[in-house]
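The values are calculated or read from the model by the stated rules, or taken from the named source; none is laboratory data. Note that the structure is predicted; figures quoted are calculated from it, not measured. Backbone-built Cβ (ideal geometry, glycine too); neighbour counts: all protein chains shown. Just the protein is used for accessible areas: all its heavy atoms, side chains included, with ligands, DNA and RNA removed. Shrake-Rupley method; radii C 1.70, N 1.55, O 1.52, S 1.80 Å.
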Amino acid sequence: KKGTPLAKIDSREMEILLQKASAAVEMAKATLLQAEVAGNRANREYGRQVKLKELGVVTQQALDDGLTEKEASTARIEAAKAQLRAAEEDLRHTQTRLSKTTILSPIEGVVSSRGVNIGDLVGEAGSQKIMFKIIDTRILDLTVTVPSVEMGMVRVGLPLTFSTDAIPGETFTGKVMFINPVVNESDRSVKVTAEVKNVSEQLK
């Protein structure tokens, strides 16, 4: 069935990376919380100094220092938010990579070939190794040759009836899906491809 697990890639290293990414997110959240607490304190202090300045109790220098600290706290909050976003993105990336350690069947069909065994190295950069070949035998392509002199009778969408030596006495039907525009030079024939429904899976 589509979605059936076919193989499991060793994910121990990826699970460790996931734990580290989760810890980094929690640390970034704590850093942001600390920055917000400090920012609230700086805002309150600056507001207090503004009132005291109006009463002539504090100097302009003290008020300027309070404003500088308020702006610095705002910048630290923004930096902490950016750090949290980066940590969360790293966590999502690691989770995505971990989810790909289970290889699922992309279609419903039959495994016709398995190219890997337990312990094999797969997925390295540039690898052309095929892990599995899966075929859907419910719909097959039939390729036949038609003499070019009879091509006038063949059109895409027309039904096609055929028999096979493997199952004597039975006929099967298909529908023309593609006509090769090139004529074979040796026998002046044209290849025609038909789609054949094979729900009973008699045909191979």
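Pairs linking a residue in segment 127-139 that is more than 26 Å from Val176 (Cβ to Cβ) to a residue that is of a type in the set (Lys, Arg) and open to solvent by 80 Å² or more (accessible area, probe 1.4 Å), with Cβ atoms under 9 Å and 6 or more positions apart or on different chains, are Met131/Arg114; Phe132/Arg114; Lys133/Arg114. Looking at this structure, is Gly56 part of a loop (DSSP other than H, G, I, E, B), more than 30 Å from Arg138 (Cβ to Cβ), free of Cβ contacts under 8 Å to residues at least 40 places away in the same chain and over 36 Å from the mean Cα position of the chain (by Cα)? So Gly56 fits the description; yes.
Being at pLDDT below 95 and either surrounded by fewer than 12 Cβ atoms within 10 Å (Cβ to Cβ) or under 25 Å from the mean Cα position of the chain (by Cα) (or both) is the requirement here; does Arg97 meet it?
Taking the combined requirement at face value, the residue satisfies it.
For segment 8-15, the condition holds for at least one residue, the condition being that it is of a type outside the set (Asp, Glu), outside any helix (DSSP H, G or I), open to solvent by less than 70 Å² (accessible area, probe 1.4 Å) and closer than 30 Å to Gly115 by Cα.
Okay, residues lined up against (1) in contact (Cβ under 8 Å) with a residue 40 or more places away in the chain; (2) of a type outside the set (Gly, Ala, Ser); (3) in a loop (DSSP other than H, G, I, E, B); (4) under 30 Å from Lys2 (Cβ atoms):
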| residue | (1), (2), (3), (4) |
| --- | --- |
| Thr143 | yes, yes, no, yes |
| Lys175 | no, yes, no, yes |
| Phe178 | no, yes, no, yes |
| Pro181 | no, yes, yes, no |
| Asn184 | no, yes, yes, no |
| Asp187 | yes, yes, yes, no |
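If you go through segment 113-122 and keep only what is open to solvent by less than 70 Å² (accessible area, probe 1.4 Å) and either of a type in the set (Lys, Arg) or modelled with pLDDT under 90 (or both), you end up with Gly115, Val116, Asp120, Val122. When Gly109 is tested against (1) exposed (fewer than 14 other Cβ atoms within 10 Å of the Cβ); (2) modelled with pLDDT under 90; (3) within 30 Å of Ala194 (Cβ to Cβ), just one condition goes unmet, and that condition is (1). Only residues that are within 39 Å of the chain's Cα centre (by Cα), open to solvent by 60 Å² or more (accessible area, probe 1.4 Å) and hydroxyl-bearing (Ser, Thr, Tyr) were counted in segment 130-160, giving 1.
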